[in-house]
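The values are calculated or read from the model by the stated rules, or taken from the named source; none is laboratory data. What you see is a predicted model; the values in this text were computed from it and never measured. Note: ideal-geometry Cβ built from the backbone for every residue, glycine included; neighbour counts use all protein chains shown.
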Amino acid sequence: MTAGRLALLLGLFGVPAALLWAGHRLRRRSPRWHGAFWGALLAHLIAAVVATVASMVPPEEWRPEDVWRGIFGFWTLLVAPVVGAAAGALLGASSGREQPPTARRART
C-alpha cells in the first residue's frame, strides 16, 4: 500500500472518527477545543469537495509527473483537517468567549 492510499483511507475513515470523538460533550469543552473542532470539520468538508472534483478528472488528462492529483486526491482529506484544527484552535483561544454555564458545572 502506498503512502497516498494510506492517507486517503485515513482521511476517509480516520478523520471522521476523530471528529466524532472530538465532538463528544462539545458544550463542556474550552473555546480552543470548539475552534479546533469546527475548524477541522469545515476543512474536512472543503477537502471532500476538492478530492471529489479531483477524482472526476479523466485519467487521460493526468501525466505521470503530475503531483497535484496525489495532493488533491489523496492528501487533502488528511492534511486539511489538521491545518483547520490548528487555525481554529488559534482563533478560538483568541476570541475571549466565555464557556456556557453548563460547562462550568461539575460532572455528576
Count of the stretch 45-77 residues which are touching a Phe, Trp or Tyr at 6+ places or on another chain (Cβ under 7 Å) and either surrounded by fewer than 19 Cβ atoms within 10 Å (Cβ to Cβ) or over 21 Å from residue 6 (Cα atoms) (or both): 3
Any pair with Cβ under 6 angstrom, 6 or more apart, that starts in the stretch 86-100 at a residue that is farther than 11 Å from residue 30 by Cα and ends at one that is at pLDDT below 80 and among the aromatic types (Phe, Trp, Tyr): none
Filter pass, residue 33 being surrounded by 15 or more Cβ atoms within 10 Å (Cβ to Cβ) and under 25 Å from residue 94 (Cα atoms): yes
Condition broken by residue 27, with the remaining ones in (1) in contact (Cβ under 8 Å) with a residue 60 or more places away in the chain; (2) buried (at least 16 other Cβ atoms within 10 Å of the Cβ); (3) within 23 Å of residue 92 (Cβ to Cβ) satisfied: (2)
Which listed residue, of 12, 42, 19, is assigned to a helix (DSSP H, G or I), modelled with pLDDT of 95 or more and either in contact with a Lys or Arg (Cβ under 9 Å, 6 or more places away or on another chain) or not aromatic (Phe, Trp, Tyr) (or both): 42
Residue in the stretch 13-40 that is farthest from the chain's Cα centre (by Cα), counting only those that are more than 11 Å from residue 77 (Cα to Cα) and among the aliphatic types (A, V, I, L, M): 26
Test for residue 42: is it in contact with a Leu (Cβ under 8 Å, 6 or more places away or on another chain) and surrounded by fewer than 17 Cβ atoms within 10 Å (Cβ to Cβ): no
Of the criteria (1) within 15 Å of the chain's Cα centre (by Cα); (2) assigned to a loop (DSSP other than H, G, I, E, B); (3) not hydrophobic (A, V, I, L, M, F, W, C), which one residue 65 fails: (1)
